[in-house]
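Read the structure below first, then the notes.
The values are calculated or read from the model by the stated rules, or taken from the named source; none is laboratory data. It should be emphasised that the depicted structure is a prediction, and the values quoted were computed from it without experimental measurement. Using ideal geometry, Cβ is built from the backbone for each residue, glycine included, and neighbour counts are taken over all protein chains shown. Just the protein is used for accessible areas: all its heavy atoms, side chains included, with ligands, DNA and RNA removed. Shrake-Rupley method; radii C 1.70, N 1.55, O 1.52, S 1.80 Å.
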Amino acid sequence: MSTTPPAPTHAPRNGGDLVVESLTALGATTVFGLPGQHALGVFDALRRSALRYVGLRVENNAGFAADGYARATHGVAPLLVSTGPGALMTLAALQEAAAASAAVLALGSQVPLAGLGGGRHGYLHELPDQSASFRGVVKSVHTARTASQIPSAVAAAWESALSTPHGPVWLEIPQDVLLAPVDVPPVTELVVSPSELAPRPELVAVAAERLARAERPVVLAGGGVVRAGAEAELLALAEQLRAPVATTFGGKGAFPWEHPLSLQSWLEDRHTTSFLEDADTLLVVGSGLGELSSNYHTFRPRGRVVQIEADLGKLESNHAALGLHADARLALSALVREVARYEEENGPGAAPEVSPEAAVSGLLARVRDRLAGQDLDLEQRVLAAVRDALPDDAVSCWDMTILAYWAWSAFDPRRSNALHSAQGAGGLGYGFPAALGVAVADPERPVLAVSGDGGAMYSIAELATARQYDLPVTWLIVDDGGYGVLRAYMTDAFGRATATELARPDFVALAESFGVPAVRTSPDRLGTDLAAAFAAPGPSVVVLPARLRMFAPTHLDS
């Protein structure tokens, strides 16, 4: 009898294999990240999987790329990073993902099991409680301490990220668990059941009655409409009620920009604020009426408010309302049905003194008149040039820069889920790496990133990523020599700016050193140069030297 042991039926597997097998079983096709010593078990396992890996140069940028991918796909974006510094570098990106309800599954390594528990063992990258750094930022925190726990932990994190409201989650696994051989069979199937939030019927009935009986119903649609894919339901309800609709900056694209009932997105405008305040019933859907959506908390409703919000913490957090804790699509769909039933039984509500369409037209005319007196021709020409050059099916990602502030209010994305920005948490550096993530999700569609020169320096290294993966992202860098938004704020508040002026590189030469085509443009040539960049394959950079101004705020006079 032979004493030779039988040959193994498959290559040795470890905890890292269980991670990638679990992600694959849940439907992942792409992961973002940056390797580190403690996480090498996962990264080595990637080469034995069918997962596509997109490597960024800075962990925070990898988080922004995952955020962009999650927003573009309405799905989960896995983000793989290492322990300590690598993990902590993702926090700003995860804060933005939390503010925007982007389902990023951040998976990091940990020190070996023997180092857990808060002692000071002197392991590389050691933190007394790494997961504590994430608890105030993400939806949920998960840990796997043995190989057999990994599939269930990955599934639990995935389910949490996709449950309404979507959001980022953190999962960590010790280094030695990732590296140790496993006796667990390959993961072939994992079943998750992300929870949806259906509205309570009695609340729908009351909300429908208030809306149907209102003489001046108005809708404020937030990012929750876009995330829930509730655009059709919103349009149906607005037309049913003949209710004007304004969209928040996060909700841009939720309602057709040129629709006769569209108030567009001029929320930093006293005329719009007054219009919303004058509604006898205001339906707020998918928004918490936070700082930007309320014109810096100057909004004071005079009528009733009905609020649909999936995030329980935002429900009635700023204004008293009839609150429906529900997914926007499910709640709007129920309202459409219930309003129709109510009107069939009771007849239509009272006719308004002024047609809603005329009221909308008048409001937009007042906004235009206010801007016309501020000598803002350059800013409006630049934004119009960007809009004219951008293909209708393209997506744009905006950093925290003056042109983005204009875009929040004045830019028509021409379709839903086509404009993403960092206005949730407000951190610099979002635009370009998020655009890379969007391009990974759909490499056949051109993507625009917009940054100022200050924000661009946060993610300049990702030009290498764009070139390596040949991603079709055109990066518009508005070079005004500093932090333009902060310069304007400080000058207005203190008479002069401090710490806002920046030395910066020749962005054209720097991009070309990465092998990325670049051009320096002017306001007059901007549209032509952008159109050429969009038409060319792969990444490109367009640099616009210009000092743009913000339109005058209206909240300071309230």
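Laid out as a table, the results:
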read-out	value
Leading residue by the ranking (least open to solvent (accessible area, probe 1.4 Å)) among those in region 25-48 that are free of Cβ contacts under 8 Å to residues at least 40 places away in the same chain and either farther than 22 Å from G75 by Cβ or assigned to a helix (DSSP H, G or I) (or both)	A45
Search result, residues across region 290-307 that are open to solvent by 80 Å² or more (accessible area, probe 1.4 Å) and under 12 Å from V218 (Cβ atoms)	R302, R304
Spans of helices (runs of 4 or more DSSP H) in region 87-177 with at least 1 residues among the basic types (K, R) and surrounded by fewer than 18 Cβ atoms within 10 Å (Cβ to Cβ)	132-135
Verdict on F551 being aromatic (F, W, Y) and assigned to a loop (DSSP other than H, G, I, E, B)	yes
Residues of region 188-218 satisfying the condition of being within 14 Å of R304 (Cα to Cα) and in contact with a Pro (Cβ under 7 Å, 6 or more places away or on another chain)	L211, E215, R216, V218
Residues that are part of a loop (DSSP other than H, G, I, E, B), at pLDDT 95 or above and closer than 21 Å to A464 by Cα, drawn from region 492-536	P505, D506, F514, G515, V516, P517, A536
Condition met for R341 (of a type in the set (K, R) and either surrounded by 15 or more Cβ atoms within 10 Å (Cβ to Cβ) or in contact with a strand residue (DSSP E or B) (Cβ under 9 Å, 6 or more places away or on another chain) (or both))	no
Residue in region 254-269 that is open to solvent by 10 Å² or more (accessible area, probe 1.4 Å), farther than 14 Å from E338 by Cα and in contact with a Phe, Trp or Tyr (Cβ under 7 Å, 6 or more places away or on another chain) present	yes
Those residues of region 49-78 which are of a type outside the set (A, V, I, L, M, F, W, C), under 19 Å from the mean Cα position of the chain (by Cα), open to solvent by 10 Å² or more (accessible area, probe 1.4 Å) and within 22 Å of D399 (Cβ to Cβ), in sequence order	E59, N60, Y69, R71, T73
Boolean, T498 is more than 28 Å from the chain's Cα centre (by Cα) and over 26 Å from A384 (Cβ atoms)	yes
Residue that is modelled with the highest pLDDT, among those in region 315-331 that are surrounded by fewer than 20 Cβ atoms within 10 Å (Cβ to Cβ), under 18 Å from D280 (Cα atoms) and among the aliphatic types (A, V, I, L, M)	L322
All positions within region 260-290 that are among the β-branched types (V, I, T) and either under 24 Å from L371 (Cα atoms) or in a loop (DSSP other than H, G, I, E, B) (or both)	T272, T273
Options R300, R304, R337, R329: the member that is under 25 Å from the mean Cα position of the chain (by Cα) and of a type outside the set (S, T, N, Q)	R329
Region 480-491 - residue that is assigned to a helix (DSSP H, G or I) and touching a residue at least 24 places away in the same chain (Cβ under 8 Å) and, of those, surrounded by the fewest Cβ atoms within 10 Å (Cβ to Cβ)	A488
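Residues are listed down the side, and each one gets a yes or a no for (1) within 16 Å of V485 (Cβ to Cβ); (2) in contact (Cβ under 8 Å) with a residue 12 or more places away in the chain; (3) of a type in the set (S, T, N, Q):
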| site | (1), (2), (3) |
| --- | --- |
| S513 | no, no, yes |
| P517 | no, yes, no |
| T521 | no, yes, yes |
| P539 | no, yes, no |
